[in-house]
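The values are calculated or read from the model by the stated rules, or taken from the named source; none is laboratory data. None of the values given here were measured: they were computed from a predicted structure. Glycine gets a Cβ as well: all are built from the backbone with ideal geometry, and neighbour counts include every protein chain shown.
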Amino acid sequence: MKKASIWCLLALLSLVSFSASQTGGGAEKAVAALEQQWLEGQRTNSPDLVAPLLADKIVVTEANGKVNDKAGTLAFYKNTKWDSAAYDDVKVTVFGDTAIATGGFKGKGTDAMGKPFDNNERWTDTWMKMPTGNWQCVASAQAARSCRLPTERRRSNSRGSLRIVSGLAENTDSIF
């Protein structure tokens with residue numbers, strides 16, 4: 001009898017664990033699909049595909065440091081014409097009713113002034129499951145991926161300091 005109870009308990013714990021893992025995977029897939037919808041909205045120049053994904057009080061930090069709200073973000077999408085847009089390395093991690101999605105973005109097109117651009121960025125989106133049961137993005141941040149810059153090694157007594165020739169940064173193994 002005792003062995004049967006232990007086996008039933010183990011089976012129940014396994015079932016609960018399996019159920020929890022399936023729920024988490026479903027949320028990850030749902031958020032990943034919403035990210036693809038967002039990309040499709042950019043790719044097809046359709047801000048109406050993006051609008052329902054954004055929370056009313058979303059905070060968007062662009063790669064240039066500018067902060068936008070929902071209206072500003074949708075206006076940007078309306079005035080931007082994308083020739084190409086693609087994601088890479090998309091990952092979604094769920095924490096209860098919150099999910100963090102990260103990935104890379106490459107896109108080319110023209111801005112509102114007709115000026116061509118070529119973006120190569122990393123992005124992080126924070127999604128929340130709203131009381132309605134829908135996932136919405138509440139925060140989004142982009143950062144330009146650094147391009148490969150020519151580098152040179154300086155001879156010194158330090159542990160191999162590296163200087164970027166363009167002068168953007170210098171690492172001299174100093175804390176200052």
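Just checking, does segment 60-70 include any residue being modelled with pLDDT of 95 or more, buried (at least 16 other Cβ atoms within 10 Å of the Cβ), touching a Lys or Arg at 6+ places or on another chain (Cβ under 9 Å) and not charged (D, E, K, R)?
The answer is yes, given that some residue of segment 60-70 is modelled with pLDDT of 95 or more, buried (at least 16 other Cβ atoms within 10 Å of the Cβ), touching a Lys or Arg at 6+ places or on another chain (Cβ under 9 Å) and not charged (D, E, K, R).
Quick check on residue 112: is it of a type in the set (A, V, I, L, M, F, W, C) and outside any strand (DSSP E or B)?
For residue 112, the condition - of a type in the set (A, V, I, L, M, F, W, C) and outside any strand (DSSP E or B) - is met.
Test residue 77 against the criterion of being surrounded by 14 or more Cβ atoms within 10 Å (Cβ to Cβ), out of contact with any strand residue (DSSP E or B) (no Cβ under 7 Å at 6 or more places or on another chain) and at pLDDT 70 or above, and give yes or no.
yes
Which of the residues spanning segment 40-56 are in contact with a strand residue (DSSP E or B) (Cβ under 7 Å, 6 or more places away or on another chain) and either modelled with pLDDT of 95 or more or aromatic (Phe, Trp, Tyr) (or both)?
Once the filter is applied, which keeps residues that are in contact with a strand residue (DSSP E or B) (Cβ under 7 Å, 6 or more places away or on another chain) and either modelled with pLDDT of 95 or more or aromatic (Phe, Trp, Tyr) (or both), segment 40-56 yields 53, 54, 55.
Would you check if there is a residue in segment 147-161 being at pLDDT below 50, surrounded by 15 or more Cβ atoms within 10 Å (Cβ to Cβ) and either under 20 Å from the mean Cα position of the chain (by Cα) or not assigned by TED's automatic domain parsing to the domain that holds residue 41 (or both)?
Scanning segment 147-161 turns up at least one residue that is at pLDDT below 50, surrounded by 15 or more Cβ atoms within 10 Å (Cβ to Cβ) and either under 20 Å from the mean Cα position of the chain (by Cα) or not assigned by TED's automatic domain parsing to the domain that holds residue 41 (or both).
Can you confirm whether residue 78 is under 17 Å from residue 117 (Cα atoms), without any contact (Cβ under 8 Å) to a residue 60 or more places away in the chain and not small (Gly, Ala, Ser)?
Yes: the conditions hold for residue 78.
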